[in-house]
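First up is the structure itself, then whatever we jot down about it.
The values are calculated or read from the model by the stated rules, or taken from the named source; none is laboratory data. Everything quoted here is computed from the prediction, not taken from an experiment. All Cβ positions, even for glycine, are placed from backbone atoms using ideal geometry, and neighbour counts span all protein chains on display. Just the protein is used for accessible areas: all its heavy atoms, side chains included, with ligands, DNA and RNA removed. Shrake-Rupley method; radii C 1.70, N 1.55, O 1.52, S 1.80 Å.
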Amino acid sequence: MTGTSEWQDRVGRSWAAEWRRTDRSFAGLTEQLLSRLAPFEFNRALDIGCGAGELSIALARSHPGAAILGLDVSVDLVAAATARGAQYPNLAFERADAAIWRRAGEPADLLVSRHGVMFFADPVAAFANLRANAAPGAPLVFTCFRSAAENEWASGLTRLLPCGVSAPEPGAPGPFAFADPDHAGGLLAEAGWQDIAFEPVDYAYIAGAGSDPVADATSFFLAIGPAARVAAELPPAQHGAFTERLGHFLQMHRSGDLVLFDGAAWLVTARA
Ligand SMILES: C[S@@+](CC[C@H](N)C(=O)[O-])C[C@H]1O[C@@H](n2cnc3c(N)ncnc32)[C@H](O)[C@@H]1O
C-alpha cells in the first residue's frame, strides 16, 4: 500500500498535478470537517500531510489572526500548496516528515488533517511525535477513510483490474490503515492521546463532472487512487480492456453531469 516514501515520489507528483480533482472528490467531507473545526479557538494550527493545502488555506482565510502551518513530505505538493496560498500572510508550508519533525517555538494549539495521517510506517511513534509538538490539551481533529468495502470507488475499482490488487495487511500504511477504529484508537492511546472519539461521516465522493463526467472520472482514476499504478503497468491490450470496464463501472454511478460514489470516512478527535 501507499507509504510515506511513495508520497515523496510518484504519488505526490500525481496528487500535485490533480489537486483540483482531489479537492473536488473531498468537497462534501471538507465542508463537514470545517464545520466541526469552526468552534475551536486557536493561535497556531498544524495541518499534517496537508497535500496541496486546501484545509490549511481555509483555516488561514477564516482565522487571519492565527498562524497556520501545513506540513507535507512531498516536495511537489508543498510547491503546489505554497503557490495556492501565497496571498495569506498567516500561512506557511514546509516539506517535512511529520513522523519526526519538531516544531521550533511554541507548540501547536490545534492539529488537523484531512486524510494525511494514515501513511506512517510506525504510527505510534509518529503520533507520539505529533503529541510532542502539541500544547497540553490541544485538540487533534482528522479525517480518514472507513473500510474499502464501504468506499466502492476503491473496492469496485480494484476488482476491475485483471490481476487484482492484493488486500493490504489490516492496518498497513495506506488509505485504509485507520478503517478499524479499535485498532486506530489503540494506536492513538498508545501514543499518549486522550479523549479519543471516532464519528462516522458520509459524503458524496465526486469522481467526475462536466459534459462527459464518465470520461472525466476515467482519467481521474487512471491518475489517482488504488488502481492507477497497476493500470499504468498493464500491457496495452489489458490496459484498453481495463479502461473499458472502468468506463462501464463509472457509467453505473453517473447521475446527470456527475459521477458519484458514497464516501465513508471517520472524523477522529483526540486531545493532547
Ligand atoms: C491522501 S493525501 C491527503 C492530502 C491533503 N491532506 C488533502 O486532503 O488533499 C495524504 C497526504 O499525506 C502526506 N504524507 C504522507 N506521509 C507523510 C509524512 N510522514 N509526513 C508528512 N506528510 C505525509 C502525503 O504526501 C499526502 O499529501
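Under a model in which nothing but the beta-carbon of Lys, Arg (+1) and Asp, Glu (-1) is charged, the stretch 207-272 shows a dipole of about 280 debye around its Cα centre. Summarising the label geometry, the points placed 7 Å from Cα in the beta-carbon direction at ARG271 and ARG102 lie 2.7 nm from one another.
Averaging 1/r over every pair of different alpha carbons in the chain and inverting the result gives a Kirkwood radius of 19.0 Å. Take the Cα of GLU94, step 7 Å toward its Cβ, do the same at ASP182, and the gap between the two points is 3.8 nm.
For the stretch 117-157, the fraction of C-alpha pairs more than 17 angstrom apart is 50%. Of the beta bridges in the chain, as assigned by DSSP with both residues counted there, near 55 percent are antiparallel.
Counting Lys and Arg as +1 and Asp and Glu as -1 over every other residue whose Cβ lies under 11 Å from the Cβ of PHE198, the net charge comes to -2. The sum of -39500 (n - 2.57) across all DSSP H runs of n ≥ 4, divided by the residue count of the chain, sets its helix-only mean residue ellipticity at 222 nm to -11500 deg cm²/dmol. Computed from the alpha carbon positions, the gyration tensor of the stretch 168-216 leads to an equivalent ellipsoid with semi-axes of 33, 14, 8 Å, biggest first. Full extension of the segment from ALA197 to SER62, taken as 0.36 nm per residue of separation minus the current Cα-Cα distance, would add 46.1 nm. With each label modelled as a point 7 angstrom along the Cα→C-beta vector, the ALA215-ASP257 pair spans 1.5 nm. Hydrodynamic analysis of the stretch 8-158 uses the Kirkwood radius over alpha carbon pairs. Inserted into Stokes-Einstein at 25 °C and 0.890 mPa s, it gives a translational diffusion coefficient of 156 µm²/s.
For the stretch 83-179, rounded, prolate or oblate, judged on the Cα gyration tensor with a ≥ b ≥ c (square roots of eigenvalues), a/c < 1.5 rounded, else prolate if a/b > b/c? Prolate, since a/c reaches 1.5 and a/b exceeds b/c. Where a ≥ b ≥ c are the square roots of the eigenvalues of the C-alpha gyration tensor, would you call the stretch 49-105 rounded, which needs a/c under 1.5, or, failing that, prolate if a/b is larger than b/c, or oblate? Since a/c reaches 1.5 but b/c is at least a/b, the shape of the stretch 49-105 is classed as oblate.
The Rg/Rh ratio of the stretch 134-272, with Rg taken over Cα atoms and Rh as the Kirkwood radius over Cα pairs, comes to 1.07.
The heavy atoms of CYS50 present about 10 square angstrom of accessible area, all protein chains included, probe 1.4 Å. Sorting VAL124, VAL259 by accessible area puts them as VAL124, VAL259; the probe is 1.4 Å, largest comes first, and only protein heavy atoms count.
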